[in-house]
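Chemist: Take a look at the following structure, please.
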Amino acid sequence: MLKYLEGSHGVSQVVAMCRPNVISAYPITPQTHIVEDLARLVGEGELEAEFINVESEFSAASVVLGASAAGARAYTTTTSQGLLLMNEVIYCIAGMRLPIVLTCANRAISAPLNIWNDHQDSMTVRDAGWIQLHAEDNQEAADLHMQAFKIAEQTFLPVMVCMDGFILTHAFEPVDIPEQKEVDAFLPPFKPQNIVDPRWPRGIGLYADPRFYMEVRYILHRALEKSEKVIKQVSAEFAKAFGRESGGLLKTYKIEDADLVIITMGSVAGTIKDLIDQLEDEGKKVGLLQICSYRPFPRKEVYRVLKDKTNLLVIEKSISLGRGGILGSDVRWSFPRTEKKDRKISCFVSGLGGRNISISDLRYAVARVEKEPVELEFLGLNPEIIAKRDM
Amino acid sequence: MIEIRIHGRGGQGNVAAAELLANAAFRDGKFAQAFPSFGAERVGAPVQAFVRIDDKKIRTREEVREPDYLIVQDQYLMDTVPVLEGLKEGGLVLVNAEKRPEELQIKAQARVETIPATEIALEIVGRPIPNAIMIGAFCSITGLVSLDAVQEAIMEKFPGKVGENNVAALERAHEIIQKRRE
């Protein structure tokens, strides 16, 4: 049923319908409304689950780790500093192959303190062995949670659903909220494997000496690569069950005869689509490649889609300081080294700490790369602020 | 697409105003989007909230920089914040003020309307929260969103006495605007 609600509540309602057994989370802006609403649903008896209060994100992650290891469907949500505080446990969850779902309400990292959106937080754990899915709008954010539990429980990999903090979490817009029976038909009950149980004492993730550690890491890497197939399949099943496209590895918009392709992820894709339509009216052919699955990074699919494209513009909300754009690097490495094609890949770091990304900013970036490639530029910097400090 | 920007101070229900307007537009069968631009989240600090209304799905996420309509919940914000920035020519500025529009000397190529929303709020709601009156006046002036839909949206968000008081405030705003037209 189409409802008008806040992005956070679209997520909390759908997560509740996924019937998690254990929820543990520590409130942090802009994730707060998700955890508040789930706590309310449990408190009022609408959702039958254990809601375990904790004193930090480190504990929240540890609780869902333990719950999942004991065979529960477990959920948590955080952002920014909270995700950084979870970091140690985040790696353990993946290494132990626990199918936990986490919502990351993407927010910038301190210092300086900033509560607004960018993608630096989830980027810090991109190598941890989690599947990371990025939502474009609040419909997709809600839908991805149904898919996330299914993907996680088929692959025994944890899934992080990334949604832009404030821009999505605090935006009110129509979201089609499913019926409980529709969710039940799509998402079967969790069948845990290798659970810890006092009747058969055993441990998981304990110790691997140099004879075994590399093999374990290799198997985890392969599991991530193989999960591409499951992500695609679950997205297709979702489309069949709910009649709309959500998730998958990537999406394209007006890419077929585009002279320039913009590559991005998250909510800015919507703004870019509006720009592409404007440019089309002006006679310019620009297309969009939108990464939904950032990890595993679908490099073969990216290559397949971009093979014949020679002018690429990456718009991303994170940076590897001292190196450059992170998504930009992933895109660059998607092309075979043997390929002789003269391909220009430009990268604009944009929207850090909630800086507004306007259509006119994006228009400027397109105009720049139509002339010459730009290795790295920060979109919309204020030179007056920089002049005082940049020695 | 119609774009509305709401200016106010923390505690005046700016985000709620945006949410209610967009909710009402949704109830009228339109696509709508509402989102805040939080500053430091404290009472009294300048806050902005944005609304978009369209007949098709709204994709853009940029802040509203060139609004068709401005709703200003505190007239004194205009002394310190560039409230009028980007307002489209021929647009509308609705200000919470006891003075008449011409007395405010607003420099904009736009229609200016005022309503003493804080005064009405204190009288009917019992608290100086002008948002329901501002929305009521806005809908009454523009006809963009139906008053019935706004009433439903208010009762959904604030069931009971609080909602009823705000609906009464909304109706008062509508009466004042209609009376001016006569």
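Chemist: Would you mind checking which residues have amide H under 5 Å from residue A:73's amide H? H placed 1.01 Å from N; only 5 or more apart, or other chain.
Modeler: Residues meeting the amide H criterion: A:21, A:22.
Chemist: Summing -39500 (n - 2.57) over the DSSP H runs of n ≥ 4 in chain A and dividing by its residue number, what mean residue ellipticity at 222 nm do you reach, to the nearest 500 deg cm²/dmol? Before the final figure, lay out each step's value.
Modeler: On the way: 13 runs with 160 residues, N = 391.
Helices in chain A give a 222 nm mean residue ellipticity of -13000 deg cm²/dmol.
Chemist: Then there's this: Order B:1, A:17, A:146, most accessible first, counting only protein heavy atoms with a 1.4 angstrom probe.
Modeler: Highest to lowest solvent-accessible surface, that is B:1, A:17, A:146.
Chemist: Provide the per-residue ³J(HN,Hα) series for the range A:33-44, in order, calculated from phi with Karplus coefficients 6.51, -1.76, 1.60 and θ = phi - 60°, each as a whole number of Hz, with x at glycine and proline positions.
Modeler: After applying 6.51 cos²θ - 1.76 cosθ + 1.60, I find 5, 5, 6, 4, 5, 5, 4, 4, 4, 5, x, 8 Hz.
Chemist: Which order do peptides A:378-385, B:162-169, A:186-193 fall in by mean Cβ count within 10 Å, highest first?
Modeler: Numbers: A:378-385: 11.5, B:162-169: 19.6, A:186-193: 13.8.
My ranking of the peptides, most packed first, is B:162-169, A:186-193, A:378-385.
Chemist: Could you pull the accessible area for residue B:139 with a 1.4 Å probe, rounded to 10 Å²?
Modeler: Counting only protein heavy atoms, the figure is 10 Å².
Chemist: Report, in whole Å, the centroid distance computed from the Cα atoms of the range A:172-200 and the range A:123-155.
Modeler: With the range A:172-200 and the range A:123-155 each reduced to a Cα centre, they are spaced 14 Å.
Chemist: Compute the Cα gyration tensor for the range A:1-129, then decide on rounded, prolate or oblate, letting a ≥ b ≥ c be the square roots of its eigenvalues: rounded whenever a/c is under 1.5, prolate when a/b is larger than b/c in the other cases, and oblate in all that remain.
Modeler: On the way: a/c = 1.77, a/b = 1.14, b/c = 1.56.
Because a/c hits 1.5 or more and a/b fails to exceed b/c, the range A:1-129 counts as oblate.
Chemist: Once a ≥ b ≥ c are taken as the square roots of the eigenvalues of the Cα gyration tensor of the range A:220-336, is the result rounded (a/c under 1.5), prolate (a/b larger than b/c) or oblate (a/b not larger than b/c)?
Modeler: Note, shape of the range A:220-336 comes out oblate.
Chemist: Mind checking which aspartates and glutamates have their C-alpha under 20 Å from residue B:161, skipping anything on the same chain fewer than 8 residues away?
Modeler: The qualifying aspartates and glutamates are B:19, B:119, B:123, B:148, B:152, B:171.
Chemist: Ok, one more. Under 8 Å for C-alpha pairs, at least 6 residues apart: give me the relative contact order for the range A:250-389, rounded to a whole percent.
Modeler: After rounding, I find 24 percent.
Chemist: Ok, one more. Add -39500 (n - 2.57) for each DSSP H run of 4 or more in chain B, then divide by its residues: what number comes out at 222 nm, to the nearest 500 deg cm²/dmol?
Modeler: -11500 deg cm²/dmol
Chemist: Just to confirm, what accessible area per residue do you get for the protein assembly as shown at 1.4 Å probe, in whole Å²? Walk me through the intermediate numbers first.
Modeler: Working: 25340 Å² over 573 residues.
In whole numbers, the protein assembly as shown has 44 Å² accessible per residue.
Chemist: Taking a ≥ b ≥ c as the square roots of the eigenvalues of the Cα gyration tensor of the range A:314-367, is the shape rounded (a/c under 1.5), prolate (a/b larger than b/c) or oblate?
Modeler: oblate
Chemist: What distance in nm separates the simple spin-label points at residue A:221 and residue B:148, each placed 7 Å from Cα in the Cβ direction?
Modeler: So the label points at residue A:221 and residue B:148 sit 6.4 nm apart.
Chemist: With r defined as the distance between the Cβ atoms of residue A:308 and residue A:360 and R0 fixed at 35 Å, what FRET efficiency is calculated, to the nearest 0.05?
Modeler: Efficiency computed from Cβ-Cβ geometry: 0.75.
Chemist: Turning to a different aspect of this structure: Any residues in the range B:16-31 that have 40 Å² or more less accessible area with all protein chains than in their chain alone, probe 1.4 Å, and which are they?
Modeler: Buried on complex formation: B:19, B:26.
Chemist: Taking amide H atoms as placed 1.01 Å from N in the peptide plane, list the residues 5 or more away in sequence, or in a different chain, whose amide H sits under 5 Å from that of residue A:125.
Modeler: Result for residue A:125 returns nothing.
Chemist: As a test of reading the structure, rank A:48, A:36 by solvent-accessible area (1.4 Å probe, protein chains only), most first.
Modeler: Largest accessible area first, the residues go A:48, A:36.
Chemist: Sticking with this structure for a sec: Please figure out what share of the DSSP beta bridges in the protein assembly as shown is antiparallel and state it in percent, rounded to the nearest 5.
Modeler: Working: 28 of 75 bridges.
Close to 35 percent.
Chemist: Right, another one. Applying the Karplus parametrisation 6.51 cos²θ - 1.76 cosθ + 1.60 with θ = phi - 60° to the phi angles of the range B:12-20, what ³J(HN,Hα) value in whole Hz is obtained for each residue in order, glycine and proline being reported as x?
Modeler: Values per residue, Gly and Pro as x: 8, x, 5, 5, 5, 4, 4, 4, 5 Hz.
Chemist: Continuing with the same structure: Based on the Cβ-Cβ distance of residue A:46 and residue A:21, what FRET efficiency does E = 1/(1 + (r/R0)^6) give at R0 = 22 Å, to the nearest 0.05?
Modeler: 0.90
Chemist: Under 14 Å between C-alpha atoms is the cut-off here; go through the range A:238-292 and count lysine pairs that meet it, provided they're at least eight residues apart or on different chains.
Modeler: Lysine pairs, 8 or more places apart or on different chains, close enough: 6.
Chemist: Using a 7 Å offset from Cα along Cα-Cβ at residue B:42, what residues in the range B:80-110 end up with backbone N under 20 Å from the label point?
Modeler: B:80-81
Chemist: Carbon and sulfur together cover what percent of the accessible area of chain A at a 1.4 Å probe radius?
Modeler: Numbers: 9120 of 17050 Å².
The C+S portion of the solvent-accessible surface of chain A is 54 percent.
Chemist: Let me ask another. Express in whole angstrom the spacing between the alpha-carbon centres of the range A:25-92 and the range A:297-368.
Modeler: So the two Cα centres are separated by 33 Å.
Chemist: Within 10 Å of each candidate Cβ there may be at most 11 other Cβ atoms; applying that plus a DSSP loop requirement, which GluC sites (Glu not before Pro) in the range A:93-182 survive?
Modeler: Working: sites: A:136, A:140, A:153, A:179, A:182; in loops: A:136, A:179.
Passing both the DSSP loop test and the Cβ count: A:179.
Chemist: 5 Å is the cut-off here: which amide hydrogens, built 1.01 Å from N in the peptide plane, fall below it relative to residue B:63, excluding neighbours closer than 5 in sequence?
Modeler: A:357
Chemist: How many percent of DSSP beta bridges within chain B run antiparallel, rounded to 5?
Modeler: 55 percent
Chemist: Tell me the accessible surface of residue B:55 in square angstrom (1.4 angstrom probe, heavy atoms of protein chains only), to the nearest ten.
Modeler: The value for residue B:55 is about 130 Å².
Chemist: On to the next question. Below 8 Å, C-alpha to C-alpha, sequence gap of six or more: please give me the relative contact order for the range A:2-242 in percent.
Modeler: Contact order relative to length: 24 percent.
Chemist: Ok, one more. Fully extended, how many nm does the chain gain between residue B:156 and residue B:105 (0.36 nm per residue separation, minus their Cα-Cα distance)? If you can, show how the numbers build up before the last one.
Modeler: Values: separation 51, 0.36 × 51 = 18.36 nm, distance 3.79 nm.
Value of the extension gain: 14.6 nm.
Chemist: Sticking with this structure for a sec: Take the alpha-carbon centre of the range B:23-84, take the same for the range A:5-23, and report the distance between them in whole Å.
Modeler: Their Cα centres are 27 Å away from one another.
Chemist: Then there is this: Can you work out the Karplus-derived ³J(HN,Hα) for every residue in the range B:86-94? Use 6.51 cos²θ - 1.76 cosθ + 1.60 with θ = phi - 60°, whole Hz, and x for glycine or proline.
Modeler: Per-residue couplings from phi come out as x, 4, 5, 4, x, x, 9, 10, 10 Hz.
The values are calculated or read from the model by the stated rules, or taken from the named source; none is laboratory data. No experiment lies behind these values; they were computed from the predicted model shown. We place every Cβ from the backbone using ideal geometry, glycine too, and count neighbours over all the protein chains shown. Heavy atoms of the whole protein, side chains included, go into the accessibility calculation; ligands, DNA and RNA do not. Shrake-Rupley method; radii C 1.70, N 1.55, O 1.52, S 1.80 Å.
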